[in-house]
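Nothing in this text is a laboratory measurement; each read-out follows from the coordinates by a stated rule. Small disclaimer: the values here were computed from a predicted structure and weren't measured. Using ideal geometry, Cβ is built from the backbone for each residue, glycine included, and neighbour counts are taken over all protein chains shown.
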Amino acid sequence: MKVHGKPMRTLWLEEDGQAVGIIDQTRLPHAFVTARLSTVDEVAHAIRAMRVRGAPLIGATAAYGVWLALRADASDGALERALALLGATRPTAVNLRWALEDMRRRLAPLPPSERVAAAKRRAAEVCDEDVAINRAIGGHGLKLLEEAWARKGRQGRLEVLTHCNAGWLATVDWGTALSPVYLAHDAGLPVHVWVDETRPRNQGAGLTAWELGQHGVPHTVIADNVGGHLMQHGQVDLCIVGTDRTTASGDVANKIGTYLKALAARDTGVPFYVALPSPTIDWTLRDGVRDIPIEQRDGAELSDVSGRLPSGEVVTVRVTPEGSPAANYAFDVTPARLVTALVTERGVCAASEEGLRSLFPERAGRAP
Ligand code: MRU
C-alpha cells in the first residue's frame, strides 16, 4: 500500500542487508517513523511493545528475528534460544508459533554454516507469501462485498464495520479484513467503513483510520459501543474482522470486543465475516473459548491514554482514578456459530471443521 503516495510494506530488509526496517506503529497516527532492528533482542522487544503488531506481521517479523539471532551465533543452542525468546513475546497470535516452527523445521537440519543465508532467504519468502495470501483473500472477500452491494440494490454506500486493525499495518501488505475493502474501493464500489476505536490501545482509531485515510477510503471512527446501535438501524451491511488464531472448528480469537460485535450482528441479521491467512489456523485446537490463550497486558494501557495536544506534542494522560486496578484482556473468542463465513486465501468457507477442511484437504486425516 502507499504512504504519502509512496508504495511500501510494513517490514523490509534494509538496503545494506544487515537489518530489517519496520514502521514503528506505536508512533502512529501522529508521527510516521521507521526503525531499524539489528538484533534478535530488538525484534523481541518490538513485538512485545507492539511497535509491530497484527498476527501475520508478528510472524513475519519473528522469522527475520531468527535470522538476526543466527547471524550472531548459528549454533543449535542459539537457534533454540532465539525460538524461545521470540515465542514468548505474545501468546495469542498463532502466526508467531507457525513462523518459528517453520524456521526450526528448515534450519535445524542444516549445518550451522548454511543457516544464516537460509534463514534470511526463508524470512523474505514468508513476507512475500504473506503478501500473496492477503491479496488472494482480498479477491475472495471482494465477491462478498459485491454481493452485499447487489443485495442493497446498489444504492447509497456499502457500509462495512471493522474492529481493531486487520489492514496492511497488521500484515506485510494488503491486510486481511481490509484487503477486500481496498479492492472494492479501487473497483469503484462506494464503500464506507465504520472503524471501531478499539480500546484500550486504539488500533482502530489510530491505525485503521490512518491507513484507510492514506488510501482515500471513506471511513468514520466510532466508539466501541456504537456498532450494535448502527446495526439495529440498518446502517451496517456487513462486518469483517481479522483473527489472531482460528481453531480447526472455526472459533475465532480476535481483539477484545469482537465477540460483542458478532453477537450484535447475529441479533440484527448482519453478516459477520472473518478474514484469515492459513497460518492463522491452529489445527491443534477445537474449542477456542476453552483453549486459546488470551493475552493479558499491562493495566496501564487501559488507565493511561496518549494523544496529541494542539501544540503537536504527544502526551499520555491518566483516565482512571489513582489506585483503581485495571484488567486488560487483549483478545476474546467468537464461537464459530456466530461467524457467517471465513475468508481465506483459498476461498470462502463455513466456519466449521468441514468448511475449513474443504479448503485445506491436505489437513484431512492428519492428527490432530
Ligand atoms: O494486539 P494486536 O494489535 O496485535 O491485535 C491485532 C488484531 O487483533 C487483528 O485483528 C488480528 O491480528 C488480525 S490481523 C490481520
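Measuring nothing but alpha carbons in region 190-268 and taking Rh as the Kirkwood radius, the Rg to Rh ratio lands at 0.97.
Note on the chain: with a GNM built from Cα contacts shorter than 10 Å, the maximum mean-square fluctuation among G59, G213, G21 falls on G213.
The slack in the chain from R286 to D267, taken as 0.36 nm per residue of separation less the alpha-carbon distance, amounts to 4.4 nm.
Would you give the gap between the C-alpha center of region 13-60 and the C-alpha center of region 106-150, rounded to a whole Å? Between the Cα centres of region 13-60 and region 106-150 lies a distance of 18 Å. Out of A55, A253, A69, any idea which swings most in a Gaussian network model of the chain, alpha carbons joined below 10 Å? So, out of A55, A253, A69, the one fluctuating most is A69.
Full extension of the chain segment joining R337 with S324 gains 1.1 nm, where the gain is 0.36 nm per residue of separation less the Cα-Cα distance. In the chain, once you exclude exposed GluC sites (Glu not before Pro) (DSSP loop, at most 11 other Cβ within 10 angstrom), what's the longest stretch remaining? Here the longest run is 16-312.
Its Cα gyration tensor gives region 226-348 an equivalent ellipsoid; the semi-axes, largest first and in whole Å, are 30, 20, 14. Backbone amide hydrogens, once placed in the peptide plane, bring I222 within less than 5 Å of V195, D196, E197, excluding anything fewer than 5 places away on its chain. State the Cα centre-to-centre distance between region 264-309 and region 182-236 in whole Å. Centre-to-centre (Cα) distance: 17 Å.
The count of lysine pairs in the chain whose Cα atoms are under 26 Å apart, excluding pairs fewer than 8 places apart on the same chain, comes to 8. Can you work out the PRE-style zone for R48? Point 7 Å along Cα to Cβ, and I want the residues of region 293-329 with backbone N under 20 Å. Those under the cut-off are 293-302, 328-329. Between H163, H233, H185, the residue with the greatest mean-square fluctuation in the GNM of the chain (Cα pairs under 10 Å linked by springs) is H233. Between the amide H of T34 and those of D24, distances stay under 5 Å, these residues lying 5 or more places away or on another chain, with hydrogens modeled in the peptide plane.
Can you pull the percent of Cα pairs in region 138-363 with separation above 23 Å? Across region 138-363, Cα pairs with separations above 23 Å total 47 percent. Once every DSSP H run of n ≥ 4 in the chain is given -39500 (n - 2.57) and the sum is divided by its residues, what mean residue ellipticity at 222 nm do you get, rounded to the nearest 500 deg cm²/dmol? About -12000 deg cm²/dmol.
Using the Karplus relation 6.51 cos²θ - 1.76 cosθ + 1.60 with θ = phi - 60°, the per-residue 3J(HN,Hα) values for region 250-262 come to x, 6, 10, 8, 8, 3, 3, x, 4, 4, 5, 5, 5 Hz, with x marking Gly and Pro.
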